[in-house]
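Please read the structure below before turning to the comments.
The values are calculated or read from the model by the stated rules, or taken from the named source; none is laboratory data. The structure displayed is predicted, hence computed values, not measured ones. Cβ sites come from the backbone with ideal geometry, for glycine too, and all protein chains shown count toward neighbours. Areas reflect the complete protein model, heavy atoms only, side chains present, ligands, DNA and RNA absent. Shrake-Rupley method; radii C 1.70, N 1.55, O 1.52, S 1.80 Å.
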Amino acid sequence: MIKKFDKKDEESGSGSNPFQHLEKSAVLQEARIFNETPINPRRCLHILTKIIYLLNQGEHFGTTEATEAFFAMTRLFQSNDQTLRRMCYLTIKEMANISEDVIIVTSSLTKDMTGKEDVYRGPAIRALCRITDTTMLQAIERYMKQAIVDKVPSVSSSALVSSLHMVKMSYDVVKRWVNEAQEAASSDNIMVQYHALGLLYHLRKNDRLAVTKMLNKFTKSGLKSPFAYCMLIRIASKLLDETEGGHDSPLFDFIESCLRNKNEMVVYEAASAIVHMPNCTARELAPAVSVLQLFCSSPKAALRYAAVRTLNKVAMKHPSAVTACNLDLENLITDSNRSIATLAITTLLKTGSESSVDRLMKQISSFVSEISDEFKVVVVQAISALCQKYPRKHSVMMNFLSNMLRDDGGFEYKRAIVDCIISIIEENPESKETGLAHLCEFIEDCEHTVLATKILHLMGKEGPRTPQPSKYIRFIFNRVVLESEAVRAAAVSALAKFGAQNDDLLPSVLVLLQRCMMDSDDEVRDRATFYMNVLQQKQKALNAAYIFNGLSVSIPGLEKSLHQYTLEPSEKPFDMKTVPLATAPITEQKTEIAPVATSKLPEKLAPSRQDIYQEQLAAIPEFQGLGPLFKSSEPVQLTEAETEYVVRCIKHTFAGHMVFQFDCTNTLNDQLLQKVVVQMEPSEAYEVVHCVPAPSLPYSQPGSCYTLIRLPDDDPTAVSCTFSCTMKYLVRDCDPNTGEPDDDGYDDEYVLEDLEVTVADHIQKVLKPNFGAAWEEVGDEFEKEETFALASVRTLDEAVGNIINFLGMQPCERSDKVPENKNSHVLFLAGECRGSSGGPFVPLWGETPTGFKSGTPHHLTLRTEEASRMRGETSSSNLKKSRRFSFQAP
Amino acid sequence: MDSTSPEPSLYTVKAVFILDNDGNRLLSKYYDPELYPSMKEQKTFERNVFNKTHKADNEIAFLEGMTIVYKSSIDLFFYVVGSAQENELMLMSVLNCLFDSTSHILRKNVEQRCLLENMEGVFLVVDEIIDGGVILESDPQQVLQKVNYRLMSEPAYGFVLFDYITGNLEAQTDRSQLL
């Protein structure tokens, strides 16, 4: 017998794909035989298959033609061929969104779902629910309830899963089926158990108590389905996560007991849940790690992958817990699946000893070209972490990184390498020259503008301070000759920094800049002209202000101020001091070491937090005329996390005022709060000027109210102040379900925790990339030296951290990192004070003496530019509490 | 990437697809409307996955933030895609069920030609294993029982005889028409 597609193959001359040259119009033409009597099941089946195949390939069907085909298809319900009927269900599902009036098949499907043929019932339910909307759902509700508790597992499962899909659309209807779902959960069939559990959880997930009850019931009764167990583990760990309690609860015991389940899927789920728990102790981790260790030698690649990926995650937080698995991980290095091998090596790099680093690096370089970019980034991140751990190994790493830099790879990968090299350079002064040399070589042939400009910026910063700055000039100037505008402009800026720092290079740099003034691009010419003129002045202060440490204002803020200025032209020149300062970028080290799909993240300069606040506050009429926003603090919690009302406060500092923004959330679903204000009682000479209430605070919708305070300008020592806060509001009781409030309410109040204003609130962080230059710029005539005792601090690290937190200033030149085994340290801080004429700039030179011990004196030397000077009053006890800083006019 | 534990949900499978040995789509279903909403994005994703996986039969890969488990047979590639947080073994059980059920309805001839000739059977198998991203069934025996599918081509001679005896000639005429 000849196969049925052979003839067509010969006609089309195609290979073995009988569907390859399907024409939509031809298929729709063929679909007319659906109307013939008697129905020919085989041919109809084949045509339906073709239609579904075309839809699957992404062929577009117009509404008219789809509807026509759909209506023709409905005739096929007359045939009793099983496969044909099943294909009709599939067609209904596929066409549910493209054809019109699909609901005409409702009665046929309802008949099938309640009929005698069990084979039809499940699929009919699924098809029916796909075409049903909320109003029609009520009509079939009775059938759905019956189907959920049907004794045929496929019917019950289909009904449960379809109900789950409909929860999104008609929660209120599906909610009524809870009892049926409850009954289904005790079914003997494992899939029915699983689906019932899933539906029950989705219906109850907002009700913690109900979820807890459900968990208790199922963890005791013992389910048979491994899928259901996995679901239970996830629900349990989510509950644990939310309660933030200790891990001695029965929930944790349940998860741990799942480690002894006989199904691998459940065991892995439990191990992974334990690993993902925040603040897990090493002892709690141990059993999870040991099952993962067993999985490492599984013959199944997926299991090995799962195990090593999870171990990798453990290694990030608890490297010592994974050390026991080192031998098993060693075996995985040669795994044929490169993803597994890479994860094994990166895990070993985190857990292994310093001596194994060389060997692992050699092994990894043997196949680094075979793995996907995602995993290459993982490798680079592991190296970056390693460099922080073993600074002495930086030469090996640097070599390896430079080799990787030469290989092919996408932008993300190259960027990870460049970032890693830059961080090594910053951590290890002795690696600076080799690192810079590798980067110089890289930008010779670099197609990514962003990276090239970044490296040029770094060279401008670091290059002039190396023993032989002249050798970098050539690399930089090559960029000016060969590259695109953005890179040329960056190169010009870098050149200027060399000229400003090194007097002997200045004449040559001036010659080079002269040439750049002929550039075809505006920006490059402008920069060259500007730097040229600044450099020719040969003044240190000018160099510091305009070449080393550029603008410290916020760019979106500057844009807005300039726009405002052009709208209202005035005789006065534009005043830079009216522009809000930039908040110093948070230079948090990324510890996340895992393959990430970063490609989807938009690379956009988002306005900073402060710019957003500035915008929000400016929209409130009461706060106009306060001037630019100087600083916004981190939110301070004024209530416990689990109280009736959750309130946090953000302190916004202006030149002469402060605005307290209270973000309140009402967590009671039977109350509606109105006219919410926070009343503040200051302890010092602060004056409450105005309160802006939040008009209405419905359940779980956060709202903000504001309080405006005038800062005392006559008493410069009143820097810190404590406010006692009370929230006052009008309560209206309401129906928890509908949210409909009663007509009348009553006044009530709620006492909040005290709020403190400290020195840090008056100082904005300013990053000075070249601290030395900024220090010189201010000069020693404005210098003030004081000695402090740090009583309650034990380590140097702690002292540095406390000082930074207390003063709220920006550490510069990475001086916040205390090198190991040192007993003295110099900390550079920079910041700007609120107040007089836009705020003077305060660099601060903090030096701890040799032989740091608790309670030893601590020198603080500060230089401020004008009006205000900072005076510290010494006090012998705790730095945070009793030290008072005050401002004093000279 | 996944510092948080996965949200408890039955929606396990993000996508499933079967590709031929040139990476062309034979069958594919995407269950998360937010993941690759357009046909173009879907096909690019399939192409990327294919390029990374067709050379070595490694069973599992991680691409574009997705965990992908896969299996190949002669000129066919079966893929099941889940989120990065998903339990890899769950995805594996779906893949194994898909492969075993397909293999059974194709009488162990898991190759492109046979698959295309029995496309409707494969559509039905996928429909019985996953419904809108939820695992409906993971036991191949159960799936086969529910699909109750008979192999399309090469009907056994016994069937013809049986049809003849029972007087069910409809199927026969159909076959002769196709000849």
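Points to keep in mind about this one:
- Test: residue in the stretch A:538-553 that is part of a helix (DSSP H, G or I), surrounded by fewer than 20 Cβ atoms within 10 Å (Cβ to Cβ), at pLDDT below 85 and hydroxyl-bearing (Ser, Thr, Tyr): yes
- Candidates are the residues of the stretch A:6-44 that are charged (D, E, K, R), at pLDDT 80 or above and part of a helix (DSSP H, G or I); the one that is least open to solvent (accessible area, probe 1.4 Å) is A:LYS24.
- Odd one out for A:VAL149, checked against (1) more than 11 Å from chain B (Cβ to nearest Cβ); (2) closer than 27 Å to A:ASN737 by Cα: (2)
- Check on A:CYS649, over 19 Å from A:PRO736 (Cα atoms), open to solvent by 30 Å² or more (accessible area, probe 1.4 Å) and in contact with a strand residue (DSSP E or B) (Cβ under 6 Å, 6 or more places away or on another chain): no
- The conditions of being farther than 22 Å from A:ALA321 by Cβ and crowded, with 16+ Cβ neighbours inside 10 Å are met by A:LEU215.
- Taken together, the residues in the stretch A:342-363 that are at pLDDT 75 or above and surrounded by fewer than 23 Cβ atoms within 10 Å (Cβ to Cβ) amount to 11.
- Residue count for the stretch A:45-67, restricted to those that are surrounded by fewer than 17 Cβ atoms within 10 Å (Cβ to Cβ) and out of contact with any strand residue (DSSP E or B) (no Cβ under 9 Å at 6 or more places or on another chain): 6.
- The set of residues in the stretch B:69-83 that are among the β-branched types (Val, Ile, Thr) and facing another protein chain (nearest Cβ under 10 Å) contains only B:VAL69.
- Filter pass, B:LYS43 being buried (at least 17 other Cβ atoms within 10 Å of the Cβ), of a type in the set (D, E, K, R) and more than 10 Å from chain A (Cβ to nearest Cβ): no
- Selection status of A:VAL524, modelled with pLDDT of 85 or more and either under 38 Å from the mean Cα position of the chain (by Cα) or of a type in the set (S, T, N, Q) (or both): yes
- For the residues A:ALA286, A:ALA282, the requirement of being touching a His at 6+ places or on another chain (Cβ under 7 Å), more than 13 Å from chain B (Cβ to nearest Cβ) and open to solvent by 10 Å² or more (accessible area, probe 1.4 Å) singles out A:ALA282.
- Any hit, the stretch A:245-259, residues being more than 30 Å from A:SER297 (Cα to Cα), within 12 Å of chain B (Cβ to nearest Cβ), open to solvent by less than 20 Å² (accessible area, probe 1.4 Å) and assigned to a helix (DSSP H, G or I): no
- Options A:VAL167, A:VAL105, A:VAL152: the member that is surrounded by fewer than 21 Cβ atoms within 10 Å (Cβ to Cβ), over 45 Å from the mean Cα position of the chain (by Cα) and of a type in the set (A, V, I, L, M, F, W, C): A:VAL152
- Residues (touching a Gly at 6+ places or on another chain (Cβ under 9 Å), part of a strand (DSSP E or B) and more than 10 Å from chain A (Cβ to nearest Cβ)) located in the stretch B:5-17: B:ALA15
- Test: residue in the stretch B:104-111 that is surrounded by fewer than 23 Cβ atoms within 10 Å (Cβ to Cβ) and among the acidic types (Asp, Glu): yes
- The residue that is nearest to the chain's Cα centre (by Cα), among those in the stretch A:486-521 that are over 16 Å from A:LEU535 (Cα atoms) and assigned to a loop (DSSP other than H, G, I, E, B), is A:ASP521.
- Within the stretch A:296-314, the set of residues being open to solvent by 20 Å² or more (accessible area, probe 1.4 Å) and either assigned to a helix (DSSP H, G or I) or at positive phi (or both) comprises A:ARG304, A:LYS313.
- Meets criteria (in contact with a strand residue (DSSP E or B) (Cβ under 8 Å, 6 or more places away or on another chain), within 19 Å of B:ILE68 (Cβ to Cβ), touching a residue at least 24 places away in the same chain (Cβ under 8 Å) and open to solvent by 30 Å² or more (accessible area, probe 1.4 Å)) for A:GLU370: no
- Evaluating A:VAL481 against the criteria (1) without any contact (Cβ under 8 Å) to a residue 24 or more places away in the chain; (2) β-branched (Val, Ile, Thr); (3) buried (at least 18 other Cβ atoms within 10 Å of the Cβ) leaves one unmet condition, (3).
- A:MET231 meets all of the listed conditions (1) open to solvent by 40 Å² or more (accessible area, probe 1.4 Å); (2) at the interface with another protein chain (Cβ under 9 Å from one of its Cβ atoms) but one, namely (1).
- A:VAL192 of a type in the set (Val, Ile, Thr), away from chain B (no Cβ under 11 Å), in contact with a Ser or Thr (Cβ under 7 Å, 6 or more places away or on another chain) and assigned to a helix (DSSP H, G or I): no
- The stretch B:18-117 holds strands (runs of 3 or more DSSP E) entirely within its bounds, and those carrying 1 or more residues that are closer than 20 Å to A:ASP373 by Cβ and in contact (Cβ under 8 Å) with a residue 60 or more places away in the chain map to B:76-83.
- Screening the candidates A:TYR89, A:TYR120 for the property of being crowded, with 16+ Cβ neighbours inside 10 Å, in contact (Cβ under 8 Å) with a residue 24 or more places away in the chain and within 9 Å of chain B (Cβ to nearest Cβ) yields one hit, A:TYR89.
- Filter result (more than 28 Å from the chain's Cα centre (by Cα), in a loop (DSSP other than H, G, I, E, B) and not polar (S, T, N, Q)) within the stretch A:315-334: A:ILE333
- For the stretch A:618-632, the count of residues that are part of a strand (DSSP E or B), modelled with pLDDT of 85 or more and touching a Lys or Arg at 6+ places or on another chain (Cβ under 7 Å) is zero.
- Of all residues in the stretch B:84-114, exactly one satisfies the criterion of being facing chain A (nearest Cβ under 10 Å) and closer than 14 Å to B:SER28 by Cα, namely B:LEU95.
- Search result, residues across the stretch A:416-426 that are farther than 14 Å from A:LEU458 by Cα and under 20 Å from the mean Cα position of the chain (by Cα): A:ALA416
- Within the stretch A:686-739, considering residues that are farther than 18 Å from A:TYR645 by Cβ and among the hydroxyl-bearing types (Ser, Thr, Tyr), the one modelled with the lowest pLDDT: A:THR717
- Here is the figure for the stretch A:52-84: residues that are within 11 Å of chain B (Cβ to nearest Cβ) and assigned to a helix (DSSP H, G or I) total 7.
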